[in-house]
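Data block below; observations after.
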């Protein structure tokens, strides 16, 4: 609102004429004191207009990119209220100046790289050990692993999650693809350079805003002012903590890449009989295998019946002796039959 009013005042000042009406300009008007005074007033008004416009822009820039509200001014003394505008403008200017060093120092793009490698191997345990060696070679680490075994206790498949430095991501992927038989390999990269720079700038602006509110807290003159300022300080501190967590996440994801490795066991295909299975030697081998199978079967049956035979002998022999003795006694005690 101040700019149009000053423009109208300047227009009135420069176009002011005497009450006598219009008169024809003369060469002496260019050097008259009244004209010089008008020009001086116009220059001063223009300088004042530029100054007020800059202060207005600085006040609007003092609000950060997240749509934060201005600092509380309810109930504060007049000295704090008058001093706030200048400090907001200067802090906004310093925040704008802080963005350029960040963009200059960030020479390389910030990338979040992820990859997936699927392998097949006859020995999954050995392949898992080889994957661990690749991670150690590139100064990485295994952050997650999952291994499953079959009924015999042998490793059937495994899943490993590796974290390697982003600068070594391509080389690590190439090494992992050569560890065993490659089934598939995929990799993606996301450019988050703008997000990293934006987060850094927001943190700088948020810290500057917290510093200004802490100054207002020291100048608060009543309990109501203290409560209002502390409320604003708490809100900005929460936003700063959220930005710091986001910055830490981006720093971790851009400095270390994630590679997921799947290793499965190669299943042997059933061999079909070929022409070499015919002939004397294969027939002899098949006959010997059959005889061995029969003998093994008989031995198995014999071994299974042997405990029952031993038990029958232990119980049957005494019973047979007792029965025989009774039969003999019965025959001896009966009278002999006469014809």
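Odds and ends about this structure:
- Residue in the stretch 253-268 that is at pLDDT below 85 and farther than 30 Å from residue 201 by Cβ present: yes
- Taking the numbered list (1) within 20 Å of residue 141 (Cα to Cα); (2) in contact with a helix residue (DSSP H, G or I) (Cβ under 8 Å, 6 or more places away or on another chain); (3) not in a loop (DSSP other than H, G, I, E, B) in turn, residue 179 passes all entries but (3).
- Matching residues in the stretch 126-157 - criterion: being part of a loop (DSSP other than H, G, I, E, B) and within 18 Å of residue 115 (Cβ to Cβ): 138, 139, 140
- Residue within the stretch 158-176 that is touching a strand residue (DSSP E or B) at 6+ places or on another chain (Cβ under 8 Å), more than 26 Å from residue 108 (Cβ to Cβ) and not in a strand (DSSP E or B) present: no
- Selected residue [within 30 Å of residue 122 (Cα to Cα), in the same structural domain as residue 255 (by TED's automatic domain parsing) and surrounded by 14 or more Cβ atoms within 10 Å (Cβ to Cβ)] from 176, 233, 243: 176
The values are calculated or read from the model by the stated rules, or taken from the named source; none is laboratory data. Just so you know, these numbers come straight off a predicted model, no measurement behind them. Reconstructed Cβ throughout: ideal geometry from the backbone, glycine too, with neighbour counts over all protein chains shown.
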